[in-house]
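J.: Structure provided below as structure tokens; questions to follow.
The values are calculated or read from the model by the stated rules, or taken from the named source; none is laboratory data. None of the values given here were measured: they were computed from a predicted structure. Because the Cβ atoms are built from the backbone with ideal geometry, glycine has one as well, and the counts that use them run over all protein chains shown. Each accessible area value is taken on the protein alone, full model and side chains, heavy atoms only, with ligands, DNA and RNA left out. Shrake-Rupley method; radii C 1.70, N 1.55, O 1.52, S 1.80 Å.
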Amino acid sequence: MSEPHRDAASPWVISVKDLLHSAGLQREAAGQWPAPEGLSTPVLGVPAGDPVDVDIRLESVHEGVLVTGTADVELQGECARCLDPLEVGLTVDLQELYLTDPSETDDEDQQVIVHETIDLEPVLRDAVVTALPFQPVCRPDCEGLCADCGIRLEDAPEGHGHERVDPRWAALAALAETEQTSTPETEER
């Protein structure tokens with residue numbers, strides 16, 4: 001027998017007792033539920049407890065219950081280029097088949113109905129985290145920060161730059177500088 005879901009009291013765990021054993025039945029579920037932990041990457045994500053707008057349809061099928069719908073979340077983080085705070089909305093599609101009989105598959109990631117309930121949290125997590133950009137930016141043309149002094153390049157004065165000497169040539173530059181300072185003494189003699 002399957003183990004119960006992690007947190008049976010969670011709004012993400014939904015009873016499907018009315019849909020079992022009656023293929024073709026369906027019902028809608030919509031609401032605002034608190035975001036679970038772990039809907040993020042190190043730079044962008046949904047803070048735990050923030051509202052998630054969910055609109056789903058649960059449909060009884062021969063194999064179990066098919067869930068389709070959407071979830072709207074507000075992402076918070078920082079721009080990967082300029083480190084400014086970033087807030088952006090994201091809508092993800094949710095679609096998952098929950099099997100009544102776990103022995104019908106050998107896929108460990110396949111969702112199953114446990115004690116006449118389904119757990120939408122893993123489906124939401126997969127949908128949100130895979131939709132997050134690897135390096136979020138505040139806007140496509142964000143110039144970022146100066147690599148030498150850290151000033152925002154958009155705020156930098158015209159012609160902002162830093163002289164860079166290739167470390168391989170640094171010893172030669174020091175030698176040339178020494179040569180220039182010692183040359184006047186040689187001419188006096």
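J.: Within segment 89-104, can one find any residue that is open to solvent by 70 Å² or more (accessible area, probe 1.4 Å), in a helix (DSSP H, G or I) and within 30 Å of Trp12 (Cα to Cα)? Reasoning before the result, please.
T.: Going through segment 89-104, the residues open to solvent by 70 Å² or more (accessible area, probe 1.4 Å) turn out to be 91, 93, 95, 103-104.
In the following step, the residues that additionally are in a helix (DSSP H, G or I) were identified as 103-104.
Next, from what is left, pick out any that are within 30 Å of Trp12 (Cα to Cα): 103-104.
Within segment 89-104, one or more residues are open to solvent by 70 Å² or more (accessible area, probe 1.4 Å), in a helix (DSSP H, G or I) and within 30 Å of Trp12 (Cα to Cα).
J.: What tally of residues in segment 1-41 results from selecting those that are at pLDDT 90 or above, in a loop (DSSP other than H, G, I, E, B) and open to solvent by 50 Å² or more (accessible area, probe 1.4 Å)?
T.: Of the residues in that region, 2 qualify.
J.: Now for a separate question. Could you please give the count of residues in segment 50-73 that are open to solvent by 50 Å² or more (accessible area, probe 1.4 Å) and assigned to a loop (DSSP other than H, G, I, E, B)?
T.: 2
J.: Kindly list the number of the only condition in (1) outside any helix (DSSP H, G or I); (2) open to solvent by 50 Å² or more (accessible area, probe 1.4 Å) that fails for Ala156.
T.: (2)
J.: Moving to a separate point now. Out of Val43, Val92, Val88, Val67, I need the residue that is within 13 Å of the chain's Cα centre (by Cα) and closer than 19 Å to Glu28 by Cα. Which one?
T.: Values: Val43 fails: closer than 19 Å to Glu28 by Cα; Val88 fails: closer than 19 Å to Glu28 by Cα; Val67 fails: within 13 Å of the chain's Cα centre (by Cα).
Testing whether each residue is within 13 Å of the chain's Cα centre (by Cα) and closer than 19 Å to Glu28 by Cα leaves just Val92.
J.: Within segment 120-143, is even one residue under 24 Å from Pro36 (Cβ atoms), touching a Lys or Arg at 6+ places or on another chain (Cβ under 8 Å) and modelled with pLDDT of 80 or more?
T.: Looking only at segment 120-143, we keep the residues that are under 24 Å from Pro36 (Cβ atoms), and these are 120-134, 136.
Now drop any that are not touching a Lys or Arg at 6+ places or on another chain (Cβ under 8 Å), which leaves 121.
Restricting the remaining residues to those that are modelled with pLDDT of 80 or more gives 121.
The answer is yes; a qualifying residue exists.
J.: I'm told Gln76 meets every condition in (1) open to solvent by 40 Å² or more (accessible area, probe 1.4 Å); (2) farther than 21 Å from Val128 by Cα; (3) polar (S, T, N, Q) except one. Can you identify the failing condition by its number?
T.: Gln76 satisfies every listed condition except (2).
J.: Is it true that Gly64 is among the small types (Gly, Ala, Ser) and on the phi > 0 side of the Ramachandran plot? Write out each step before concluding.
T.: Numbers: among the small types (Gly, Ala, Ser): yes; on the phi > 0 side of the Ramachandran plot: yes.
It is true that Gly64 is among the small types (Gly, Ala, Ser) and on the phi > 0 side of the Ramachandran plot.
J.: Let me ask you something else. Looking at Arg125, Arg139, Arg81 in this structure, which one is touching a residue at least 24 places away in the same chain (Cβ under 8 Å) and in a loop (DSSP other than H, G, I, E, B)? Walk me through it before giving the result.
T.: Numbers: Arg125 fails: in a loop (DSSP other than H, G, I, E, B); Arg139 fails: touching a residue at least 24 places away in the same chain (Cβ under 8 Å).
Among Arg125, Arg139, Arg81, only Arg81 is touching a residue at least 24 places away in the same chain (Cβ under 8 Å) and in a loop (DSSP other than H, G, I, E, B).
J.: Do you know which residues across segment 111-122 are open to solvent by less than 50 Å² (accessible area, probe 1.4 Å), part of a loop (DSSP other than H, G, I, E, B) and over 22 Å from Pro51 (Cβ atoms)?
T.: Gln111, Ile113
J.: Additional query: Within segment 36-66, count every residue that is under 23 Å from Val16 (Cβ atoms), in contact with a strand residue (DSSP E or B) (Cβ under 9 Å, 6 or more places away or on another chain) and either touching a residue at least 24 places away in the same chain (Cβ under 8 Å) or among the aromatic types (Phe, Trp, Tyr) (or both).
T.: Restricting attention to segment 36-66, the residues satisfying the condition of being under 23 Å from Val16 (Cβ atoms) are 36, 52-66.
Pick out the ones that are also in contact with a strand residue (DSSP E or B) (Cβ under 9 Å, 6 or more places away or on another chain) and you get 36, 52-61, 63-66.
Adding the requirement that they be either touching a residue at least 24 places away in the same chain (Cβ under 8 Å) or among the aromatic types (Phe, Trp, Tyr) (or both) leaves 36, 52, 54-61, 63-66.
Qualifying residue count for the region: 14.
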